[in-house]
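Rule-based calculations on the coordinates, nothing more; no lab input. The structure displayed is predicted, hence computed values, not measured ones. We place every Cβ from the backbone using ideal geometry, glycine too, and count neighbours over all the protein chains shown.
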Amino acid sequence: MFISVAHAAETAAAHAEEVSFFANPESWVAITWVIVVALLARPVYKALTAGLDSRRDKIKEKLDEAERLRDEAQQLLAAYQKKQKEAMAEAEGIVATAKAEAQRLATQAAADLDELVKRREQQALDRITQAEAEATMEVRNKAVEIAMEATKKLIADNLSKDKAAELIDAAIKDLPGRLH
């Protein structure tokens, strides 16, 4: 019996505390909160989505701008690489031309040097020949001079005055024929 009285007391207390849903103020606060949230949810959702859409558009614009700049940078890089390759090819051409020109100039210089050496050698040979001719002429002239002196001395020593006068007269007569 003790249990049934306790049970009855408990059941009565549970029914006494049980108030109707609409009579409870916490229920009205919950209903009001749901209505306010429902009324504010649409404008807040629109504002949030508009803000997010705006941010998304700005990010998309920045990404598009970054991609455009990247494409421009790649085009500029390709253009500069092409110019660099062209410049390298031109530089290699200039170097090849310079090497060929240097080789040609070296060959020309060697040919010019050979020609100069031959000319100098010929000039030296010509001078030697001229010096030999002059030396021969000097020797001949000296020999003639010595022979003349010896002949004069012999003639002067061995020739009489009459014979000398005859020879002088004959040489004078012969002189006009020898001058012409």
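Inspect all residues belonging to segment 114-127 and state whether any of them is exposed (fewer than 10 other Cβ atoms within 10 Å of the Cβ) and of a type outside the set (D, E, K, R).
No, there is no match, as no residue in segment 114-127 is exposed (fewer than 10 other Cβ atoms within 10 Å of the Cβ) and of a type outside the set (D, E, K, R).
For segment 160-171, does any single residue satisfy the condition of being free of Cβ contacts under 8 Å to residues at least 40 places away in the same chain, part of a loop (DSSP other than H, G, I, E, B) and out of contact with any helix residue (DSSP H, G or I) (no Cβ under 8 Å at 6 or more places or on another chain)?
Looking for residues that are free of Cβ contacts under 8 Å to residues at least 40 places away in the same chain, part of a loop (DSSP other than H, G, I, E, B) and out of contact with any helix residue (DSSP H, G or I) (no Cβ under 8 Å at 6 or more places or on another chain), one finds at least one in segment 160-171, hence yes.
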